[in-house]
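Note sheet for the following structure.
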Amino acid sequence: MPTQLSAITNETLSILKNKEILAINQDDVYGKSISPFRWGINPDFVSNSTHPAQYWSGESKYGTVFMLLNTLNEPATLSFNLTESPWIRAGRQYSVRDLWAHTDNGTAVRTFNAEDVPAHGVIALLLNDAGNEPDGLYPECSVWWQCTDKNGTRVGG
C-alpha cells in the first residue's frame, strides 16, 4: 500500500527522511541489501512461516548494518552473538550507533542485547570496529567450543 503523502504523519515523515538510513540504502560502494543471519523465534533459529526473519545484517561503506525485528505482538528482548553476522570479526569490539535515535551507544563486545523492543518494532544499528576486545574475558572467545589458538589448536572454554 503506498503512503498517502497528503496525509503523512510527522512520525512517518521522519522515518522516510532519516538521512542515516537513506545513506546506507544508497551506498555506492557495496550496494547490496542486508540479509538474515538468524531467523529468531524457533529454538533452533530456523524459518517459521508465521514470523519472518528477526536478525538481519550487511556490509556498508559506513560499517556493518544490523536490523532487529520484533515479530511478536508484545515487547521482547532481542539478543545475538556479534560473530553470527559474517561481517563481524571475532576478538574485536564494536562501536554501536542507533540509526533511529542518531545516538552513539557505547561499545559491544561479543554480544548485543536490545531490551523491551516494542511489538513489531525495529532496531537499526551501525557497528564499526573499535579495536581489540578487552583483555581477560572468559571464555577466551565468544563461542567457547569454537576457540582456537593462532596455530589452529583448540584452547580455553
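A full extension of the chain between Val122 and Ile8 corresponds to an added length of 39.1 nm, given 0.36 nm per residue minus the alpha carbon distance. From most to least packed by mean Cβ count within 10 Å, the peptides 79-86, 59-66, 117-124 give 59-66, 79-86, 117-124. Treating r as the C-beta distance of Val29 and Arg89 and R0 as 25 Å, the FRET efficiency rounds to 0.85.
Gain on full extension, evaluated as 0.36 nm per residue between Asp98 and Thr50 minus their Cα-Cα distance, stands at 14.5 nm. Largest first, the extents of the alpha carbon coordinates of the stretch 34-114 on the three principal axes equal 33, 26, 21 Å.
Full extension of the chain between Asn105 and Asp135 yields a length gain of 8.7 nm, computed as 0.36 nm times the residue separation minus the alpha carbon distance.
Only the coordinates and a few stated rules stand behind these numbers; no lab work does. Nothing here was measured: the structure is a model prediction, and the numbers come from that model. We place every Cβ from the backbone using ideal geometry, glycine too, and count neighbours over all the protein chains shown.
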